[in-house]
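Worksheet: the structure to be examined is printed underneath.
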C-alpha cells in the first residue's frame, strides 16, 4: 500500500476513535469493513484532504453513496446530510433510552438517520447485544 495513503488512513481512523462517524459503530464490533468516506465525493469535486475524509462502516458508506443531501422526514424538504468534519454528532443525534436507536434531533439528523439507515434492523439487534454486555452506547467524542 502507498505509505502516504496508509498514513492518511491511520490518521482518519484515529481521529474517529476507530468508529464509524455516522452510526458510531466501533470497527472491532462492526463485523464489516470500514473505509475512508469522502464527505464531498470525488465525483462532485471532493478532495483526498483529511478535512474531507471520515471513517465509515461499509453500510453507511453504501447508503450515503455520493449524496450530499437527503429528505427530512417531517417536512419533506431537502437538507444536508450530517458532515462529521464540520458538525458535532451530539448536536444532531442522540440515543434512545435503551441505547439501541439513533434519534435525529434536527432536520439534518433525522434525514441522515433515514437516508443512511442508521437504525437498520441487524444493527439495532447488534446494539441490543452490545448494550447487554456494556460496550454500547459509546461516549461521543467529536473531533
*asked:* Against the condition closer than 21 Å to residue 12 by Cα, more than 15 Å from the chain's Cα centre (by Cα) and at pLDDT 95 or above, how does residue 42 come out, does it pass?
replied: yes
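Please tell me if residue 29 is part of a helix (DSSP H, G or I) and over 19 Å from residue 118 (Cβ atoms).
no
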*Do we find a residue being surrounded by 14 or more Cβ atoms within 10 Å (Cβ to Cβ) and within 20 Å of residue 35 (Cα to Cα) anywhere in region 89-100?*
yes
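Only one residue in 111, 97 is out of contact with any helix residue (DSSP H, G or I) (no Cβ under 8 Å at 6 or more places or on another chain) and either within 18 Å of residue 19 (Cα to Cα) or touching a residue at least 40 places away in the same chain (Cβ under 8 Å) (or both), so which one is that?
111
Could you list, in sequence order, all residues of region 16-25 that are surrounded by 17 or more Cβ atoms within 10 Å (Cβ to Cβ) and either farther than 22 Å from residue 68 by Cα or free of Cβ contacts under 8 Å to residues at least 12 places away in the same chain (or both)? Before you say what the answer is, go through the steps one by one.
Pass one, region 16-25, residues surrounded by 17 or more Cβ atoms within 10 Å (Cβ to Cβ): 16-17, 19-25.
Correct list: 17 only.
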_Residue among 33, 83 that is loosely packed, with under 12 Cβ neighbours inside 10 Å and in contact (Cβ under 8 Å) with a residue 12 or more places away in the chain_ = 33
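The values are calculated or read from the model by the stated rules, or taken from the named source; none is laboratory data. What you see is a predicted model; the values in this text were computed from it and never measured. As a convention, Cβ positions derive from the backbone with ideal geometry for all residues, glycine included, and neighbour counts pool all protein chains shown.
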